[in-house]
Amino acid sequence: MRMFDRIHRGDVHDIVAADVFGPPPPDHVPLDAQVLRHIVRDCVRVTADQCADWVKVMKESGRAPLPTATSGLLRLPFESMWIEWEARGMPGFSPHKPPQAAAWVAGYSPPEWAPAGSVQLLEFMSFVGFPDKIIYYPGVVVAFIDERGQLLEMGASGIDAAQGAQVSMPTLPAFMAIAIMNCRNTEVIETRDRSREARRPKKGSTRPSKPLIHHEITLPGSPPRLGSGAGAPGLGGGPAPWHLVRGHFKTYTDEAPLMGKHVGTYWWQPAVRGDRQHGVIQSSYNVIPIPTTSDGLA
């Protein structure tokens, strides 16, 4: 079972702050199981195993895996995201049963002291899941993103520059996942959870609950998923269920300007649409890297 599911179900009770990189920053407030459960419930979930594999290969080949000024667009698609992956190759663990890793990523308006040109501040907190506990790293990685979605500057809160580079390494698969999610060549695959749990009536009701709908975003080169129907809610004339629309970029040209006069690339914030009476869509992303060139992302 994934770390997200264990936390969401309340199966995790032991949350431990790691001291690998020294003591927590002075302003750190320790996490507990209840707080972490509230965090994941407010996040859009992302699975990024292939991104972690790509980062591992890049590191082993001696190439910078991310993040750099040419890492692609890193504007956070949603305000709060839980990105998780299997940490294959972690020292001291069997490659057949790798520990689970995750990053809680949140986007904020940049503070006054942010680098010039910043339009978004990203904060990353890293987690490693074990059968009996979850370890997290109190040092928060921060990244400043410009209006184009590119990285301006990054570091680690409360940690010196030398340690900041080490603290940033566990978050690289999360950076990769964000860059991939901002690509245009994505496909939406809709699946419905029709399991017994999903059909069970809610407490106090004789009517079965509507199935959860998962939207899986994949990219060219990913294996086809049998039994999944592609499409978006509301197609076919029916009313759309309640769902969160992914934040995205839109580019307008002289031939097709915005409002007849504006050109350039614009960021459109995520938005809630649809009606809860017709069901709820739970967005879940399985992020698969696109082929790379010698210079990084294709």
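The values are calculated or read from the model by the stated rules, or taken from the named source; none is laboratory data. Note that the structure is a prediction, hence the values are computed from the model and not measured. Glycine also receives a Cβ, built like all others from the backbone with ideal geometry; neighbour counts cover every protein chain displayed.
Would you mind telling me which numbered condition in (1) closer than 15 Å to residue 46 by Cα; (2) more than 19 Å from the chain's Cα centre (by Cα); (3) not polar (S, T, N, Q) residue 79 fails?
(2)
Given (1) at positive phi; (2) part of a strand (DSSP E or B), where does residue 123 come up short, assuming only one miss?
It is condition (1) that residue 123 fails.
Is one or more of the residues making up segment 51-67 in contact with a helix residue (DSSP H, G or I) (Cβ under 7 Å, 6 or more places away or on another chain), over 22 Å from residue 106 (Cα atoms), part of a helix (DSSP H, G or I) and at pLDDT 80 or above?
Yes.
Given the conditions (1) closer than 25 Å to residue 8 by Cβ; (2) at pLDDT below 90, and given that residue 106 satisfies all but one, which numbered condition is not satisfied?
Among (1) closer than 25 Å to residue 8 by Cβ; (2) at pLDDT below 90, the lone unmet condition for residue 106 is (2).
Can you tell me which residues in segment 264-298 are at pLDDT below 65 and loosely packed, with under 13 Cβ neighbours inside 10 Å?
First, the residues of segment 264-298 that are at pLDDT below 65: 290-298.
Across segment 264-298, the qualifying residues are 291, 293, 294, 295, 298.
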